[in-house]
Amino acid sequence: MSEIVHSDRAPAPIGPYSQAILAGDELFCSGQIPLDPASGEIVGEDAKTQARQVLANLQAVLAAAKFSADEVVKTTIYLVDINDFAAVNGEYERIFSSAKPARSTVAVAALPRGVRVEIDAIAKRRR
């Protein structure tokens, strides 16, 4: 059985998907982009500022399902410009400083709403 997870502290989905799905002890978080949850507007123009908002949105979704960043086991980072890797990595490391999940980083041609970064995650509840 699975359950839809929703947080008002993260942006509403901009398409036909859920913020996250809880399936047993695993949480599958959809990609977050740097949208302000209240206004729906893009936060920041540079990758560092956008990554900070993306990670705040992701943490809000995790919290809605009663998960923490320490329970994230896999992330995927999507970058429009691979040269933003270091800037995004600095923000990423602030959130995932103790438990470092497995990760992929992919350069893509474009992201929704013209943003520079998107991050999705999978978390597993610790016993």
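Rule-based calculations on the coordinates, nothing more; no lab input. Quantities reported herein were computed from a predicted structural model and do not represent experimental measurements. Glycine gets a Cβ as well: all are built from the backbone with ideal geometry, and neighbour counts include every protein chain shown.
The angle separating the long axis of helix 85-95 from the principal Cα axis of greatest extent in the chain is about 30 degrees.
Using the Cβ-Cβ distance between A107 and K66 with R0 set to 30 Å, the FRET efficiency from 1/(1 + (r/R0)^6) comes to roughly 0.35.
Extending 7 Å from the Cα toward the beta-carbon at both D46 and S97 defines two label points whose distance is 2.1 nm.
What net charge do the residues around A38 carry, taking every other residue with its C-beta under 14 Å from that of A38, with Lys and Arg at +1 and Asp and Glu at -1? Numbers along the way, then the final one.
Values: positive: R9; negative: D8, D36, E41.
Cβ neighbours under 14 Å give a net charge of -2.
Taking Cα atoms only, the orientation of helix 47-64 departs from the longest principal axis of the chain by about 10 degrees. Shown here for the range 43-78: trypsin sites (Lys or Arg not before Pro) in loop regions (DSSP other than H, G, I, E, B) with at most 13 other Cβ atoms within 10 Å, namely K66.
Nearest 0.05, what FRET efficiency do R126 and N89 give at R0 = 25 Å with Cβ-Cβ as r? Write out the running numbers ahead of the final one.
On the way: r = 25 Å, r/R0 = 1.00.
Result of the calculation: an efficiency of 0.50.
The residues I82, I42, I33, when put in order of fewest to most other Cβ atoms within 10 Å, stand as I82, I42, I33. Per the Debye formula on identical point scatterers at the alpha carbon atoms of the range 2-124, with no solvent, log10 I(q)/I(0) at q = 0.13, 0.15, 0.22 Å⁻¹ is -0.45, -0.60, -1.34.
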